[in-house]
Every structure is written in structure tokens, then in C-alpha cells.
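Sharing a structure here in C-alpha cells format.
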Amino acid sequence: MTDTLVDVHDLFVHFPVRAGGAITRTFNTVRAVDGVSFSVRRGETLGLVGESGCGKTTTGLAILRLIEPTGGSVVFDGVDVTALPKRELRSLRKRVAMIFQDPYASLDPRMSIGTIVGEPIEIHGPARSRRSRNSRVGELLEMVGLNPDYRNRYPHEFSGGQRQRVGIARALATEPEFIVCDEPIAALDVSIQAGVMNLLEELQRELGLTYLFIAHDLSAVQHFSDRIAVMYLGRIVESADRIALYEETRHPYTEALLSAVPVPDPKTERMRARVILQGDIPSPLNPPRGCNFHPRCPKAFEPCPTGDPVLIGEQHRVACHLHPDG
């Protein structure tokens with residue numbers, strides 16, 4: 001057993017863009033994930049942050065093989081997930097899970113929450129009687145702060161925060177080791193977000209869970225994660241321990257994201273420098289040559305339009321021409 005539970009190396013997810021007609025042909029490719037590498041240690045939380053459309057969710061789905069990677073490897077506890085035949089994925093499904101962003105769309109409105117939470121137990125768990133399965137469903141609902149007597153109710157009878165707790169209970173049903181949390185608080189009211197975050201932290205301590213926490217809110221990631229990887233247009237541009245990332249920021253994109261995080265002190269907020277990025281994130285159909293951030297980068301210089309920086313460094317890694325040694 002090693003300290004690393006998940007090791008992602010050079011992961012690619014490309015989607016072909018096809019034109020119809022008498023003969024269907026591929027005329028372009030969406031480079032959603034373009035050579036991503038990182039690792040997640042047992043019991044830690046790795047935060048994956050970036051703007052919408054940068055490939056965060058696609059990365060999480062590819063790690064669990066809910067979509068098929070185009071290239072690269074995902075090694076989970078010593079086993080290359082990308083090389084497993086589909087018939088052997090069932091054993092993996094018991095050990096990994098996902099909490100989805102939208103608690104309204106991710107729960108079947110025709111199923112009671114007892115059925116929703118119990119379905120993974122029925123599929124992946126050991127054979128159980130109906131009574132023992134119902135007992136386990138009650139334990140899971142209680143674990144996430146819901147009344148077990150609610151098991152016969154339907155998703156429309158719950159608030160957004162309660163629905164997300166149902167989603168968390170479902171993710172815990174097979175007793176997984178690794179959970180991909182895909183922006184689990186983004187669709188919730190601000191007043192509810194802290195409660196869900198605290199619940200995830202408590203469950204991690206009690207059950208020894210390992211998280212990949214996907215978000216665009218850097219303040220939430222700073223509070224919740226042990227290490228942080230910053231993603232831009234399908235690539236990791238900086239990764240470090242959460243304290244080092246905030247105190248020794250190296251990539252201009254990370255600086256811009258951090259400058260957008262509000263500071264509670266009004267005086268400090270007025271005095272601090274803001275980094276305003278020009279333009280929109282480029283299309284993954286046609287990413288820029290060289291450093292893909294250079295068209296928006298306030299610090300771009302001569303090598304940026306032509307040279308493609310590589311993610312280098314040991315504990316603090318960065319892909320930027322401003323830091324050629326990492």
C-alpha cells in the first residue's frame with residue numbers, strides 16, 4: 001500500500017466534432033482535457049479549480065470512467081482504471097463515487113429517496129434482506145443529517161440542501177474510498193453551503209475518505225482542501241499546498257482568480273490590487289499556440305506566444321515562462 005490513492009498521468013479527453021450528411025466526417029476536435037497530471041494521497045482533499053468550461057468536471061468523470069479518456073492513465077490503488085475491460089469496472093464502482101453539482105437534476109424524481117440511496121447497495125453490496133437494506137438506508141440518511149423516516153418521500157419534497165445531502169448519502173452507500181465532489185455547493189444558497197461543507201469534512205474524518213473537490217470558488221477550496229490544482233483550458237497551470245498557493249502564487253492566472261475572492265475587511269478590500277483579465281476564455285476547439293493563457297495574461301512576454309510551458313517543480317508546480325525552474 002502506497003500513500004498515493006489516485007495517480008492521474010497525461011490524461012486527455014477529446015471530443016470529435018462531426019458534420020452530418022451522406023458521409024459523417026470529423027472536422028474538428030474539442031480538447032476538453034489536454035494532458036492533465038496530478039495525484040491524490042489517501043485521506044486528503046485535492047481541490048481542482050478554474051473557470052467554467054476549463055475541463056474540471058470532464059476530468060472528474062474521466063477518472064471514474066463515466067466518460068472514456070482519449071489517452072493517458074488513471075491509476076487507482078495500483079490498478080490502471082483506463083485499461084480495465086468494462087466488465088471489470090463493477091469492482092471499481094464499489095470503491096469510488098461522485099457527488100454531482102445539481103441536486104435537482106441528479107435525483108430521479110420518480111424514485112423515493114429510500115430507493116435512491118438503497119439502489120447502490122442493491123447493485124454493489126453483498127446480498128441483503130429488504131429489512132437490512134432499509135436499516136442501512138436509515139443509517140446513511142441519519143449520517144448526513146436527515147430523518148430516516150423521510151425515506152418514503154420524493155426529491156420534490158426537499159430543499160436544495162436536503163437533496164444534496166441525499167446525493168451524499170447515495171455516494172456513501174457502497175462505502176467508497178474516493179469521492180469526486182463536482183461543485184457540490186455551487187447550486188446551493190450561501191446560507192446552506194457551509195453546512196454541506198462541514199458535513200463533508202466530518203464524514204472525511206470519520207470514514208477516512210479521499211476527495212477530489214472540484215470548484216470555481218477559491219475561498220471554499222482554500223477552506224476545504226489540503227492541496228490545490230489550478231486548471232485553465234484543459235491543463236493544470238499551477239499546483240501546490242493550499243497555504244503555499246495563496247502565499248507564494250506564481251502563475252498569473254492563479255493571481256487573477258485570487259484577486260477576485262472578496263476580503264471581509266472593507267479597508268483591505270479597497271487597498272488590494274485587482275487583476276482584471278481581458279477577453280473570454282478561448283475555445284477548446286481552437287486553443288492558442290504557445291502558452292494557452294498568453295492572450296489574456298497581463299504579464300505575457302516574448303516566449304509566451306510560441307513556447308508551450310511545461311508543468312515543473314516538486315511540491316509547488318507551475319507551467320509558466322516567468323518561472324522556468326518551477
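The values are calculated or read from the model by the stated rules, or taken from the named source; none is laboratory data. Keep in mind it's a predicted model, so treat the numbers as computed, not measured. Cβ atoms come from the backbone with ideal geometry, glycine included; neighbour counts cover every protein chain shown.
Identify, from the list V166, V137, the residue that is over 25 Å from the mean Cα position of the chain (by Cα) and not polar (S, T, N, Q).
Every option except V137 fails the conditions.
Can we say F76 is within 30 Å of A260 (Cβ to Cβ) and of a type outside the set (G, A, S)?
no
Got a number for residues in the range 149-207 being in contact with a Gly (Cβ under 8 Å, 6 or more places away or on another chain), more than 16 Å from L64 (Cβ to Cβ) and among the acidic types (D, E)?
The total comes to 1.
Looking at R153 and the list (1) in contact (Cβ under 8 Å) with a residue 40 or more places away in the chain; (2) within 22 Å of D108 (Cβ to Cβ); (3) under 19 Å from the mean Cα position of the chain (by Cα), which single condition is not satisfied?
Here R153 meets the rest and fails (3).
Filter the range 93-108 down to residues that are surrounded by fewer than 16 Cβ atoms within 10 Å (Cβ to Cβ) and over 18 Å from the mean Cα position of the chain (by Cα) and give me whichever is modelled with the highest pLDDT.
Step by step, filter the range 93-108, then rank; the result is D108.
Continuing with this model, one more query. State the number of residues belonging to the range 49-81 that are over 30 Å from Y246 (Cα atoms), under 18 Å from the mean Cα position of the chain (by Cα) and hydroxyl-bearing (S, T, Y).
Within the range 49-81, residues that are over 30 Å from Y246 (Cα atoms), under 18 Å from the mean Cα position of the chain (by Cα) and hydroxyl-bearing (S, T, Y) number 0.
Are there any pairs, at least 6 apart or on different chains, whose C-beta atoms fall under 9 Å, with the first in the range 189-205 and acidic (D, E) and the second outside any helix (DSSP H, G or I), and if so, which?
These pairs meet every condition: D189/S159; E201/T45.
Can you work out which of the residues in the range 53-75 that are within 19 Å of R95 (Cβ to Cβ) and small (G, A, S) is surrounded by the most Cβ atoms within 10 Å (Cβ to Cβ)?
A62
Residues being among the hydrophobic types (A, V, I, L, M, F, W, C) and touching a Leu at 6+ places or on another chain (Cβ under 7 Å): count how many of those fall in the range 145-167.
1
Of everything in the range 63-88, what is farther than 22 Å from R31 by Cβ and free of Cβ contacts under 8 Å to residues at least 60 places away in the same chain? Give them in sequence order.
Passing the criteria: V79, D80, A83, L84, P85, K86, R87, E88.
Within the range 208-230, is even one residue modelled with pLDDT under 95 and of a type in the set (F, W, Y)?
Scanning the range 208-230, I find at least one residue that is modelled with pLDDT under 95 and of a type in the set (F, W, Y), so the answer is yes.
Also, quick follow-up: Restricting attention to the range 144-201, and to residues there that are assigned to a loop (DSSP other than H, G, I, E, B) and among the hydrophobic types (A, V, I, L, M, F, W, C), which single residue is surrounded by the fewest Cβ atoms within 10 Å (Cβ to Cβ)?
Across the range 144-201, the extreme among qualifying residues is A186.
Also, I was wondering about something else. Given the conditions (1) assigned to a loop (DSSP other than H, G, I, E, B); (2) without any contact (Cβ under 8 Å) to a residue 24 or more places away in the chain, report the number of the one that I243 does not fulfil.
Of the numbered conditions (1) assigned to a loop (DSSP other than H, G, I, E, B); (2) without any contact (Cβ under 8 Å) to a residue 24 or more places away in the chain, the odd one out for I243 is (1).
Something else now. If you go through the range 276-326 one residue at a time, how many are within 20 Å of R242 (Cα to Cα), among the hydrophobic types (A, V, I, L, M, F, W, C) and assigned to a loop (DSSP other than H, G, I, E, B)?
Here the count works out to 3.
Kindly list, by first and then second residue, each pair from a residue in the range 91-120 that is over 20 Å from G160 (Cβ atoms) to a residue that is in a loop (DSSP other than H, G, I, E, B) and of a type in the set (G, A, S), limited to pairs with Cβ atoms under 6 Å and residues at least 6 apart or on different chains.
Going by the 6 Å Cβ cut-off, the qualifying pairs are P120/A173.
State which residue is modelled with the lowest pLDDT when the search covers only the range 17-41 and only residues that are more than 16 Å from P287 (Cβ to Cβ) and either in contact with a Phe, Trp or Tyr (Cβ under 9 Å, 6 or more places away or on another chain) or crowded, with 23+ Cβ neighbours inside 10 Å (or both).
A19
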